[in-house]
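Okay, so here's the structure we're looking at.
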Amino acid sequence: MTDPILRTKGLTKSFGALKACNDVSLDLFPGEIHALIGPNGAGKSTLIKQIAGNMAPDSGEVWFDGSDVTHLDTVGRARRGLGRTFQISSLAMEYTVLQNVVLGALGRDGGVMRFFKPVMKDKRLLEEAHAALDRVGLTEQAATRTADLSHGQRRQLEVAVALTLKPKAFLMDEPMAGLGVEGSRNLTGFLDTLRHEAPILLVEHDMDAVFALADRISVLVYGEIIATGTGDEIRANRDVRTAYLGEEDVA
Amino acid sequence: MTREALLNTAIMALLAAVPIIAHFTGNPFTITLATKVAILAMAAVGLNIVLGLGGLVSFGHAVFFGIGGYSMGILAHHAQLFIPIMEAPFLIDGTKSMPIIWLVAVITSALVALVIGALAIRTSGVYFIMITLAFGQMFYYFAISWPAYGGEDGLPIYVRNSFPGLNTLDPIQFFAITYVALGAALFLSARLARSRFGLALGATRQNAERVETVGVDAYRLRLVAFVISGAITGFAGALFADLNRFVAPTMFSWQMSGEFIVFIILGGIGRLFGPVVGAGLFILLEHFLGGVSDYWLIYVGAILLAVVLFARGGLIGALAGREVAHD
Ligand SMILES: Nc1ncnc2c1ncn2[C@@H]1O[C@H](COP(=O)(O)OP(=O)(O)O)[C@@H](O)[C@H]1O
Ligand SMILES: [Mg+2]
């Protein structure tokens with residue numbers, strides 16, 4: 001097998017007495033979607049934050065694209081090609097949809113210390129921005145103020161901004177949350193094709209989406225990974241059924 | 001042309017028309033008032049880059065205003081006394097030339113902004129306000145206790161500094177200098193707001209996490225903005241000193257920093273011409289109400305309160321409507 005693009009080694013993070021993340025080791029290989037599931041409060045977002053660089057682990061390492069990035073901040077990891085979306089949309093709300101994606105394209109381009117030419121007339125950035133909007137289906141909303149978008153559209157915009165970064169791996173925290181049936185189905189189809197551009201570590205509650213998409217699934221409960229395997233393996237796993245799936249009647 | 005662009009053009013025309021009329025009707029005092037508006041507006045245009053675009057409430061921009069003022073004061077003081085500023089290791093003479101004074105003012109305030117910014121921008125919110133305020137007080141007390149350049153009494157400069165080809169002693173010609181300087185500052189900050197840098201800086205105001213997630217360092221953006229902002233305010237400080245032919249520690253005072261913020265709030269936070277309208281209104285109120293009552297600032301306070309409560313976009317917002325996202 002090829003080397004993983006992303007790997008965590010023994011990540012541990014406590015909040016006081018609460019071990020939100022306990023010795024978590026997982027990896028993400030090129031071309032795959034690795035889903036991370038687990039009940040609310042299991043520590044999924046805490047794990048994502050440590051991988052993205054928003055939160056320092058108490059111990060453990062994060063390896064990305066062949067090097068140890070544990071001590072890099074968010075900016076450094078993003079520049080190396082980690083494309084992240086948030087569980088709760090994190091966008092520039094006063095800007096238009098287009099401005100938000102242009103910001104992404106600008107981040108990818110890197111030349112931010114330019115003070116004179118109008119950025120919204122930059123052909124190359126605009127092209128990339130429009131292409132990303134097109135792919136998530138937000139072309140018509142380009143001129144809309146982000147604050148005026150519906151919840152689902154904001155989720156789409158999050159994904160579009162991540163696309164402009166042309167990342168080496170995607171890190172997505174519940175991208176389907178609040179999308180509705182139709183929206184989830186569309187996004188599921190889209191992510192299915194996206195994995196060939198860059199692998200996705202996908203935190204998701206929507207079990208239909210998870211089982212449809214994931215090459216591998218890891219189950220996180222109380223900060224610990226209790227099982228990793230294919231959809232069928234996870235469905236058949238007794239620990240998982242008692243700890244998690246049983247409660248939601250998915251199996 | 002958008003409504004706001006139209007309004008801005010009208011404001012710029014008015015600011016030119018008043019002193020020109022005053023010039024022909026022989027009313028130099030009005031020209032001086034307009035000059036003061038142009039200079040203070042320019043100082044606040046500088047502040048508006050960090051405050052309006054970057055969302056950083058600097059309560060210490062008087063530092064740069066004062067640095068600009070003292071750059072002028074010190075250079076001109078040495079020139080008028082024919083005493084070099086230093087002789088070893090190399091000779092530095094004073095000067096009465098405005099362009100050189102401006103250059104020194106801009107470079108010095110940019111350097112000081114780099115140092116203050118590097119420390120202050122690590123904090124945010126109220127801490128940022130307090131730390132910039134603290135720097136302001138430091139400079140203020142330093143100026144008071146430094147006897148070489150007048151200390152508490154300030155430093156008079158007897159003759160206004162010179163500009164090639166102009167008679168700076170003629171009020172309307174000096175006004176023209178400040179008007180062009182203000183125009184240049186406005187032009188630069190308008191371009192900056194629409195540039196790559198401006199897009200990213202504006203995003204840090206709304207959501208710094210978003211900016212860092214796309215791989216852009218928010219700290220660096222803010223620091224560079226702070227330096228540019230300090231340099232513009234410093235330039236204005238040098239002009240202000242030349243208007244008064246006098247520099248005093250009050251240029252460093254927190255009241256001065258507060259006035260710049262008031263201009264911006266009155267005119268409209270983050271609006272290009274907000275500082276111009278705000279400074280204009282403030283000077284008008286000071287002039288007309290200051291004669292009526294010593295407590296004229298109470299009226300300013302009341303107007304400020306009304307603007308904050310009822311007209312969030314300031315006067316520009318009230319006249320031109322909500323800001324349109326730039327194309
Ligand atoms: N910054 C924090 N401080 C203290 N506790 C936190 C913090 N962030 C998360 N937690 C706690 O850690 C646990 C895991 O949270 P989270 O990672 O958000 O779970 P999930 O995303 O799986 O729902 C929860 O009990 C949560 O309350
Ligand atoms: Mg979560």
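Determine whether B:Ala105 is farther than 19 Å from B:Gly54 by Cβ and either open to solvent by less than 30 Å² (accessible area, probe 1.4 Å) or charged (D, E, K, R) (or both). The answer is yes for B:Ala105. Once segment A:74-104 is narrowed to residues that are facing chain B (nearest Cβ under 7 Å) and among the basic types (Lys, Arg), the residue that is least open to solvent (accessible area, probe 1.4 Å) is A:Arg84.
Taking the criterion of being within 16 Å of ligand 2 (Cβ to nearest atom) and more than 14 Å from every other protein chain (Cβ to nearest Cβ), the residues of segment A:163-183 that qualify are A:Glu174, A:Pro175, A:Met176, A:Ala177, A:Gly178, A:Leu179. Whenever a residue of segment A:131-152 is closer than 14 Å to A:Phe190 by Cα, its partners that are open to solvent by 20 Å² or more (accessible area, probe 1.4 Å) and part of a loop (DSSP other than H, G, I, E, B), lying with C-beta atoms within less than 9 angstrom and at least six residues away or across chains, give the pairs A:Leu138/A:Thr144.
Each residue in segment A:55-87 was checked for being small (Gly, Ala, Ser), over 16 Å from the mean Cα position of the chain (by Cα) and not in a loop (DSSP other than H, G, I, E, B), and 4 pass. For segment A:27-37, give me each residue that is in contact with a helix residue (DSSP H, G or I) (Cβ under 8 Å, 6 or more places away or on another chain) and either within 16 Å of ligand 1 (Cβ to nearest atom) or part of a helix (DSSP H, G or I) (or both). Hits for segment A:27-37 are A:Ala35, A:Leu36, A:Ile37.
Yes or no: A:Asp23 more than 10 Å from ligand 1 (Cβ to nearest atom), out of contact with any Phe, Trp or Tyr (no Cβ under 7 Å at 6 or more places or on another chain), on the phi > 0 side of the Ramachandran plot and of a type in the set (D, E, K, R)? In short, yes. State yes or no: is B:Leu192 closer than 14 Å to B:Asn48 by Cβ, facing chain A (nearest Cβ under 7 Å), open to solvent by less than 30 Å² (accessible area, probe 1.4 Å) and assigned to a helix (DSSP H, G or I)? Yes; evaluated as a whole, the condition is true for this residue. Scanning segment A:25-48 for residues that are out of contact with any Lys or Arg (no Cβ under 9 Å at 6 or more places or on another chain) and hydrophobic (A, V, I, L, M, F, W, C) turns up just one, A:Ala42.
Looking at segment A:159-188, which of its residues are within 16 Å of ligand 1 (Cβ to nearest atom) and either open to solvent by less than 10 Å² (accessible area, probe 1.4 Å) or in a helix (DSSP H, G or I) (or both)?
A:Leu171, A:Met172, A:Asp173, A:Pro175, A:Met176, listed by residue number.
Residue by residue, here is whether (1) modelled with pLDDT of 95 or more; (2) open to solvent by 80 Å² or more (accessible area, probe 1.4 Å); (3) assigned to a helix (DSSP H, G or I); (4) not aromatic (Phe, Trp, Tyr) holds:
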residue	(1), (2), (3), (4)
B:Ala110	yes, no, yes, yes
B:Ile116	yes, no, yes, yes
B:Ile129	yes, no, yes, yes
B:Tyr140	yes, no, yes, no
B:Ala148	no, no, yes, yes
B:Tyr158	no, yes, no, no
B:Ile172	yes, no, yes, yes
B:Thr178	yes, no, yes, yes
B:Ala184	yes, no, yes, yes
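Screening segment A:1-50 for residues that are within 16 Å of ligand 2 (Cβ to nearest atom) and surrounded by fewer than 15 Cβ atoms within 10 Å (Cβ to Cβ) and picking the one that is farthest from A:Val240 (Cα to Cα) gives A:Phe15.
Taken together, the criteria exclude A:Asn40 from residues that are within 12 Å of ligand 1 (Cβ to nearest atom), farther than 19 Å from A:Ile225 by Cα and either in a strand (DSSP E or B) or without any contact (Cβ under 8 Å) to a residue 24 or more places away in the chain (or both). Condition check for A:Asp109 on (1) of a type outside the set (Val, Ile, Thr); (2) open to solvent by 40 Å² or more (accessible area, probe 1.4 Å); (3) assigned by TED's automatic domain parsing to the domain that holds A:Leu6; (4) without any contact (Cβ under 8 Å) to a residue 24 or more places away in the chain: one failure, at (3). Among the residues of segment B:195-217, those identified as under 24 Å from the mean Cα position of the chain (by Cα), more than 7 Å from chain A (Cβ to nearest Cβ) and under 19 Å from B:Ala118 (Cβ atoms) are B:Leu201, B:Thr204.
Residue check: is B:Val224 within 13 Å of chain A (Cβ to nearest Cβ), at pLDDT 95 or above and part of a loop (DSSP other than H, G, I, E, B)?
On the way: within 13 Å of chain A (Cβ to nearest Cβ): yes; at pLDDT 95 or above: yes; part of a loop (DSSP other than H, G, I, E, B): no.
No, not satisfied.
For segment B:273-298, a residue qualifies if it is aliphatic (A, V, I, L, M) and modelled with pLDDT under 95, and the qualifying residues are B:Leu281, B:Ile283, B:Leu284, B:Leu285, B:Leu289, B:Val292, B:Leu297, B:Ile298. Filtering segment A:68-88 for residues that are hydroxyl-bearing (Ser, Thr, Tyr) and either within 16 Å of ligand 2 (Cβ to nearest atom) or under 26 Å from B:Ala203 (Cα atoms) (or both) leaves a non-empty set.
Among the residues of segment B:57-85, write down those that are in a loop (DSSP other than H, G, I, E, B) and either open to solvent by 20 Å² or more (accessible area, probe 1.4 Å) or closer than 16 Å to B:Leu111 by Cα (or both). B:Val57, B:Phe59, B:Gly60, B:His61, B:Phe82, B:Ile83, B:Pro84, B:Ile85, listed by residue number.
Considering only residues in segment A:118-150 that are part of a loop (DSSP other than H, G, I, E, B) and farther than 17 Å from B:Val216 by Cβ, the one that is farthest from the other protein chains (Cβ to nearest Cβ) turns out to be A:Gly137. Being farther than 25 Å from B:Glu259 by Cα and assigned to a loop (DSSP other than H, G, I, E, B) narrows it down to one residue among B:Pro89, B:Pro99; which is it? Result: B:Pro89 is the single residue among B:Pro89, B:Pro99 that is farther than 25 Å from B:Glu259 by Cα and assigned to a loop (DSSP other than H, G, I, E, B). Under the condition of being at pLDDT 90 or above and within 16 Å of ligand 1 (Cβ to nearest atom), the residues counted in segment A:201-226 number 15.
Do we have B:Gly270 as touching a helix residue (DSSP H, G or I) at 6+ places or on another chain (Cβ under 8 Å) and within 14 Å of chain A (Cβ to nearest Cβ) here? Yes; evaluated as a whole, the condition is true for this residue.
The values are calculated or read from the model by the stated rules, or taken from the named source; none is laboratory data. Everything numeric here is computed off the predicted structure, so don't read it as measured data. Here the Cβ is made from the backbone with ideal geometry for all residues, glycine too, and neighbour counts use every protein chain on show. Remember, those area values only see protein heavy atoms, side chains included, never the ligands or the DNA or RNA. Shrake-Rupley method; radii C 1.70, N 1.55, O 1.52, S 1.80 Å.
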